[in-house]
Amino acid sequence: MADSLLFNPRTYDPAQFDPETRRLLRATVDWFEDRGKRRLIEDYRTRAWLADFLAFAAKEGLFATFLTPASAAGQEDQRWDTARIAALNEIFGFYGLDYWYAWQVTILGLGPVWQSDNAAARARAAELLAQGEVFAFGLSEKTHGADIYSTDMLLTPDGNGGFSATGSKYYIGNGNAAGLVSVFGRRTDIDGPDGYVFFAADSRHSAYHLVKNVVDSSKYVSEFRLENYPVGPDDVLHTGRAAFDAALNTVNVGKFNLCTASIGICEHAMYEAITHAHNRILYGRPVTAFPHVRRELADAYVRLVGMKLFSDRAVDYFRSASSDDRRYLLFNPMTKMKVTTEGEKVIDLMWDVIAAKGFEKDTYFAQAAVEIRGLPKLEGTVHVNLALILKFMRNHLLNPAEFAPVPTRLDAADDTFLFEQGPARGLGSVRFHDWRPAYDAYAAVPNVARFREQADALCEFVTTAAPDEAQSRDLDLLLAVGQLFALVVHGQLILEQARLTDLDQDVLDELFSVLVRDFSAYAIELHGKDSATEAQQSWALGAVRRPVVDEARSARVWERVEALSGEYDMAP
């Protein structure tokens, strides 16, 4: 029987969604399956532009249905629904990150538009989506990266209420084909934040000059230059501080998509890896008969399950967010940072097992091993997002507030708040519900209880051995602390989702045995930091724990992993 925890195209039926969503998700899977593995890999290797895929998406109205908010909708099923967007991310990741990327940067390009009060620009975006066009997000620059304080895209007033824009953008996905590019710049006549402008450009305009694709890939990650590009009132999306907020809030919306893309990559690679290893005979035995191989594959499996549980639960907080409930601002960088780095670990564990097979040109695994590296590095590095989540640590661990329980959010609702997030500040004041009840509910699961000891120890660290003022400027030390905090948050949402889905407790116990080991490893890393005090070093060694070993439990989990052999192989 197929493993219900993993996506499998052979058995996929997203019954949790409305009929049109189910139809579109299944149609997308069928398009890839009909295309076949050989064509999929060949397009990846030859860096073919995604014209056939975009034609399919246009014909089905895929992007228009999923990415047009109800306020701009022309059809009943159009809405911005994070649950079904997450499901499509997973499918795209499963078949190839190039397809996901064209969709992802379309989402980013739409962010400033759907946050704008410019009715003409919103109507134009809705019409372009209906026509099957893609979008782009013109934020980064070659010299400054995403440092929007230093943008060199300059807008000079033209004397008629508009501007003339000149400057370059770099690392802009879909910049070769976007019907609308949301471009960030600054006015030449106003200094400081009041001079910021977000405006809409068309990649086919004569004043828009495409320089090159900066990566060797089917993804078109462009460098482009505007030369006296005319920006009229209907093109202006945001001005002043609102333009700055729109940039950060768009990234909040977009970076969530990285976690489910990572999950899809790992799932496809896992089917290949386990099927190969289980059917390869070495010294007269299947490779999967060796204890170290079983451990690596079982660890990969439970890590992947943890990725899915965390991401699914994070959707609920994202969709339930409001100006009074901004908990998503922690869970969002967690999905971007923690889930995607877990994806790297999953691939590495499997690659250690399948070894040379992971390089072969007729495998999905070969591209998965490359593409999984990109996701932790997009929409802000791991370091940036770790530093971000540290802003929430004290309130989350020590200062809980009362919130009504957040239900599973699979309803066909429009997530309007995502485009009404408001000013991108005040992170230190965000409050959270108490994390302890999620752990208390599974106190009888041995490794959950063991990990809870480590989580309580982290609270002790924050109250008795927290970094002092000088150490607060030592980002190297702070990032080690951030990894410990991230594990507690990771475990919390995993446990909440496990409760909601009645997860098999063997799988949960095995997963937390991995998290116990991870916490111990990060504690030892903290112990070795140059600036760690004696009190911090002592705390770190005291937080090390050994997981609770249960050979019978591990054997039952291994049976689940072993059963994945032959469960899915993409047709040629």
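Pair-distance distribution of segment 49-184: all C-alpha pairs, bin width 5 Å, starting at 0; shares per bin in whole percent are 2, 10, 18, 21, 20, 14, 9, 5, 2, 0, 0. Among the trypsin sites (Lys or Arg not before Pro) in segment 196-259, those placed in a DSSP loop whose Cβ has at most 13 other Cβ atoms within 10 Å are Arg204. Helix 241-255 sits at what angle to the longest principal axis of the chain, using alpha carbons and giving 0 to 90 degrees rounded to 10? Its long axis makes an angle of about 40 degrees.
Helix 446-464 and the longest principal axis of the C-alpha atoms of the chain enclose an angle of approximately 60°. Database remark: amide H of Glu141 closer than 5 angstrom to the amide H of Ala146, Asp147, Tyr170 (H placed geometrically; neighbours at sequence offset of 5 or more, or on other chains; Pro and chain starts carry no H). Derived scalar couplings between HN and Hα for segment 416-428 equal 5, 4, 4, 10, 9, 5, x, x, 8, 7, x, 5, x Hz in order, rounded to whole Hz, by the Karplus curve 6.51 cos²θ - 1.76 cosθ + 1.60 (θ = phi - 60°), x for Gly and Pro. Of the Cα atoms belonging to segment 94-152, the radius of gyration and Dmax stand at 13.8, 38 Å.
Let me have the relative contact order for the chain, percent, based on Cα pairs under 8 Å that are six or more residues apart.
Values: 963 pairs, mean separation 85.6, N = 572.
It rounds to 15 percent for the chain.
What the Cα convex hull of the chain gives, in volume per residue, is 150 Å³. The calculated FRET efficiency for Thr464 paired with Ala444, based on their beta-carbon distance and R0 = 22 Å, is about 0.15.
Run lengths n ≥ 4 of DSSP H only: what is the helix-derived mean residue ellipticity at 222 nm for the chain, with -39500 (n - 2.57) per run over all residues, to the nearest 500?
Numbers: 21 runs with 293 residues, N = 572.
After summing the helix terms and dividing by residue count, I get -16500 deg cm²/dmol.
Extent along the principal axes, Cα only, for segment 232-376: 72, 35, 15 Å, with the longest axis given first.
Multiplying the sequence separation of Thr416 and Ser323 by 0.36 nm and subtracting their Cα-Cα distance, what value in nm do you get?
Numbers: separation 93, 0.36 × 93 = 33.48 nm, distance 1.17 nm.
In short, 32.3 nm is gained.
Evaluating 6.51 cos²θ - 1.76 cosθ + 1.60 at θ = phi - 60° for every residue in segment 499-507, the Karplus couplings come out as 5, 5, 10, 6, 4, 4, 6, 4, 5 Hz, glycine and proline recorded as x. Segment 393-493 has equivalent-ellipsoid semi-axes of 27, 23, 12 Å, by the square roots of 5 times the alpha carbon gyration tensor eigenvalues, sorted largest first. Placing R0 at 22 angstrom, the Cβ-Cβ distance between His383 and Lys212 gives a FRET efficiency of 0.20 after rounding to 0.05. Whole-Hz ³J(HN,Hα) for each residue in segment 382-387, computed from phi via Karplus 6.51 cos²θ - 1.76 cosθ + 1.60 with θ = phi - 60°, x for glycine and proline: what do you get? Karplus values, whole Hz, x for Gly and Pro: 4, 4, 4, 6, 5, 4.
How high is the relative contact order of segment 224-355, in percent, with contacts defined as C-alpha pairs under 8 Å that are six or more residues apart? Before the final figure, lay out the partial values.
Values: 98 pairs, mean separation 46.5, N = 132.
Here the relative contact order equals 35 percent.
Quote the relative contact order of segment 38-155 in percent (integer), defining contacts as alpha-carbon pairs under 8 Å separated by 6+ residues.
Numbers: 96 pairs, mean separation 30.1, N = 118.
Computed over segment 38-155, the figure is 25 percent.
Charge dipole (Cα centre; +1 on Lys/Arg Cβ, -1 on Asp/Glu Cβ; no other charges) of the chain amounts to roughly 700 debye. Spacing of the modelled spin labels on Asp117 and Gln16, each 7 Å from Cα toward Cβ, amounts to 3.7 nm.
Using a 1.4 angstrom probe on heavy atoms only, work out the carbon and sulfur share of the accessible area of segment 425-526 in %.
Values: 1820 of 3710 Å².
Reported share for carbon and sulfur atoms: 49 percent.
How much accessible area per residue does segment 508-563 have, counting only protein heavy atoms and a probe of 1.4 Å, in square angstrom?
Numbers: 2580 Å² over 56 residues.
The answer is 46 Å² per residue.
Legend: calculated FRET efficiency, Arg431 to Tyr149, from the Cβ-Cβ distance at R0 = 30 Å, rounded to 0.05, equals 0.55. Under 5 Å between amide H atoms, partner at least 5 residues away or on a different chain: which partners does Val215 have, H built in plane at 1.01 Å? When sequence neighbours closer than 5 places are left aside, the close amide H contacts are Val221. Among 127-140, 152-165, the peptide with the highest mean count of other Cβ atoms within 10 Å heads the list, and the full ranking is 127-140, 152-165.
The values are calculated or read from the model by the stated rules, or taken from the named source; none is laboratory data. Note that the structure is predicted; figures quoted are calculated from it, not measured. In this analysis, Cβ positions are derived from the backbone assuming ideal geometry, glycine residues included, and neighbour counts consider all displayed protein chains. The accessibility values were calculated without ligands, DNA or RNA, using every heavy atom of the protein model including side chains. Shrake-Rupley method; radii C 1.70, N 1.55, O 1.52, S 1.80 Å.
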